[in-house]
1. For region 225-237, does any single residue satisfy the condition of being in contact (Cβ under 8 Å) with a residue 12 or more places away in the chain, of a type in the set (Gly, Ala, Ser) and out of contact with any Lys or Arg (no Cβ under 8 Å at 6 or more places or on another chain)?
2. I'd like the full set of residues that are more than 10 Å from Phe195 (Cα to Cα) and among the aliphatic types (A, V, I, L, M), limited to region 157-184.
3. Quick one: which of Lys262, Lys243, Lys173 is of a type in the set (D, E, K, R) and touching a helix residue (DSSP H, G or I) at 6+ places or on another chain (Cβ under 8 Å)?
4. Considering only region 196-212, I want to know if a residue exists there that is basic (Lys, Arg) and open to solvent by less than 60 Å² (accessible area, probe 1.4 Å).
5. If you check every pair at least six apart or on different chains, which have Cβ atoms under 7 Å apart with a residue in region 153-177 that is of a type in the set (S, T, N, Q) first and a residue that is open to solvent by less than 50 Å² (accessible area, probe 1.4 Å) and at pLDDT 85 or above second?
6. Among the helices (runs of 4 or more DSSP H) contained in region 94-170, which hold 2 or more residues that are modelled with pLDDT of 85 or more and open to solvent by 90 Å² or more (accessible area, probe 1.4 Å)?
7. I'm told Leu74 meets every condition in (1) touching a helix residue (DSSP H, G or I) at 6+ places or on another chain (Cβ under 9 Å); (2) under 18 Å from Arg156 (Cα atoms) except one. Can you identify the failing condition by its number?
8. Please count how many residues of region 214-267 are among the hydroxyl-bearing types (Ser, Thr, Tyr), under 30 Å from the mean Cα position of the chain (by Cα) and exposed (fewer than 11 other Cβ atoms within 10 Å of the Cβ).
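The values are calculated or read from the model by the stated rules, or taken from the named source; none is laboratory data. From a predicted model like this one, the values you see are computed outputs, not experimental measurements. Heads up, the Cβs are rebuilt from the backbone with ideal geometry, glycines too, and the neighbour counts pull from every protein chain shown. These area figures cover heavy atoms from the full protein model, side chains too; ligands, DNA and RNA do not enter into them. Shrake-Rupley method; radii C 1.70, N 1.55, O 1.52, S 1.80 Å.
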Amino acid sequence: MDKSSKEKNISKAKAILHLALCSLLFALFFFLPAVAFSATIPLPSLQIGLGQADNPGEVSVLLQVVALLTILSLAPAILILMTSFTRLAVVFSFLKHAMGTHQVPPAQIIVGLALFLTLFIMMPVWNKINENALQPYLNEEISGAEALEAAMHPIRQFMFRQTREKDLALFVKTAKLSKPNAPRDVPTSVLIPAFVVSELKTAFIIGFVVYVPFLIIDMVVASVLLSMGMMMLPPIMISLPFKLMLFVLVDGWHLIVGSLVKSFMTG
């Protein structure tokens, strides 16, 4: 082995030794304080188990916690199926597909816009729930069952205003119930699916109306390209700028959002 090879091996050994020392110092610098911290300060632990209750009040509190967790797990379904969210989300989805911009705006923005519009539209209902159910319950003026009944009343009124009689009669007949004489005779389990079906039909009607102008632009552009013999050119590349220009000129977001909000206010 020549002198140059020995020098290369010595330099490699030094580099490996230097790397090992740096790694050791790094470990000591970061892990020793953590070990010392855990040794001096006791860390809290969380234990969940079943034991014997001393009084019935503890059982009642436990049942309330379980009920709260159940409501929180059902909150997405309640938000989607018992509010204006369904109509808004479906119409915005139709609008995005009609314009041909499948990635713009992103789905997160569409869902966020529908969510905040839902909060705006449902604000009068939330205020009634807060005044008639939540605050009296927190002040211990009414029981939990009475608070639940008072909270469902404004929500049922909202759903009744947006539900068609035809859809409501369908689910009443399917459930084999007698003909209700008043809205209070309709169970909530029958009202919710009827409300969802009515919202879907209304959303599809609005989506069709939104789709028509953009469809006309696509047909005109496709006819012009075909008459010019440019059959290999995708019509969407030419029609998309025209659809965007039309949507901006008519202030499309203002018209669509305003119409959707007014459809709930006057419904």
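1. Within region 225-237, the subset in contact (Cβ under 8 Å) with a residue 12 or more places away in the chain is 225, 235-236.
Now drop any that are not of a type in the set (Gly, Ala, Ser), which leaves none.
No, region 225-237 contains no residue that is in contact (Cβ under 8 Å) with a residue 12 or more places away in the chain, of a type in the set (Gly, Ala, Ser) and out of contact with any Lys or Arg (no Cβ under 8 Å at 6 or more places or on another chain).
2. Once the filter is applied, which keeps residues that are more than 10 Å from Phe195 (Cα to Cα) and among the aliphatic types (A, V, I, L, M), region 157-184 yields Ala169, Leu170, Val172, Ala175, Leu177, Ala182.
3. Working: Lys262 fails: touching a helix residue (DSSP H, G or I) at 6+ places or on another chain (Cβ under 8 Å); Lys173 fails: touching a helix residue (DSSP H, G or I) at 6+ places or on another chain (Cβ under 8 Å).
None of the others qualify; the one that does is Lys243.
4. Scanning region 196-212, I find no residue that is basic (Lys, Arg) and open to solvent by less than 60 Å² (accessible area, probe 1.4 Å), so the answer is no.
5. Sorted first by the residue in region 153-177, then by its partner, the pairs are Gln162/Phe195; Gln162/Ser198; Gln162/Glu199; Thr163/Leu191; Thr163/Ala194; Thr163/Phe195; Thr163/Ser198.
6. Ranges flagged: 107-121, 144-162.
7. (1)
8. Residues in region 214-267 being among the hydroxyl-bearing types (Ser, Thr, Tyr), under 30 Å from the mean Cα position of the chain (by Cα) and exposed (fewer than 11 other Cβ atoms within 10 Å of the Cβ): 1 in total.
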